[in-house]
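For reference, the structure is listed below as structure tokens.
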Amino acid sequence: MVRYLPWLLLTAGCAKTVTVEVPTRAAVDVEGPSVAVVAGDPACRSIADRLTQQLGRTIHVDPRAETRIAVVGCNESLIPTVSIHQDGGRSRGWEGRSSALVVVEQDGVALGRLIGTGGDGAEIMPSRRGPLRGALRSSLIDDVADQIAPSGLVDRRIYPAASPESPRGLETRAIAHEALGNVSEALDLATAAHSLSPSPRLAAYVGELERRLHLSD
């Protein structure tokens, strides 16, 4: 049985859940001093426009640049939900997901592809669909921007009090290995956690580790 790494125990103290900082890297290497963001189809125009603004905070965006970030295949789904409370009451809401395929290309040659997602498809959202759509798009844009130009650090939630072989324990051990640069070991543990307790959040974490491992090959 693999034990938690000592630094993680010291960081966590007696808390059941804490947030730790883990170095990150871009999912796609963007070449050139500047990039252009374009919509690959009309449905992605608003996403591309907002992504331009978001990326412009960290990298130089120029519509004339040779390196292009094309946003295609934008998708958004909303599903009505009913939540039943312990007192027998019910509340209605919406759950949603958004996604987009992003292709980074230069001189017509694809340098890499990534999939951005928004929402986790598991939370009961406000009953008004307008705010939900805006939240999904913002979440999608944040995800794509962070994959292309990471802020440098990400927050991870750990569970030091969890049993090492439980889903939360496996996830905590995965994050400990990730923080030390052991991405392969982190992926194995995160995959095991997701197999025991599937969730959109763990699926996204496994996908992120897979991308990072692929980039390091």
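Go through ALA65, ALA48, ALA43 for me and flag whichever is farther than 22 Å from LEU209 by Cα, assigned to a loop (DSSP other than H, G, I, E, B), at pLDDT 70 or above and touching a strand residue (DSSP E or B) at 6+ places or on another chain (Cβ under 7 Å).
Answer to the check: ALA65.
Determine whether region 198-209 contains at least one residue that is outside any strand (DSSP E or B) and farther than 22 Å from ILE115 by Cα.
No, because not a single residue in region 198-209 is outside any strand (DSSP E or B) and farther than 22 Å from ILE115 by Cα.
Would you mind finding the one in GLU185, GLU165 that is out of contact with any Phe, Trp or Tyr (no Cβ under 8 Å at 6 or more places or on another chain), surrounded by fewer than 20 Cβ atoms within 10 Å (Cβ to Cβ) and assigned to a helix (DSSP H, G or I)?
Exactly one residue qualifies, and that residue is GLU185.
In region 82-100, how many are surrounded by fewer than 16 Cβ atoms within 10 Å (Cβ to Cβ) and not in a loop (DSSP other than H, G, I, E, B)?
Count: 6.
THR117 - would you say it is outside any loop (DSSP other than H, G, I, E, B) and either within 27 Å of ALA192 (Cα to Cα) or modelled with pLDDT under 90 (or both)?
Judged against the criteria, THR117 is a match.
Can you tell which of VAL71, VAL30, VAL20, VAL103 is buried (at least 17 other Cβ atoms within 10 Å of the Cβ), modelled with pLDDT under 75 and under 20 Å from the mean Cα position of the chain (by Cα)?
Within the list VAL71, VAL30, VAL20, VAL103, the selection yields VAL20.
The values are calculated or read from the model by the stated rules, or taken from the named source; none is laboratory data. Because the structure is a prediction, the values reported are computed rather than measured. Cβ sites come from the backbone with ideal geometry, for glycine too, and all protein chains shown count toward neighbours.
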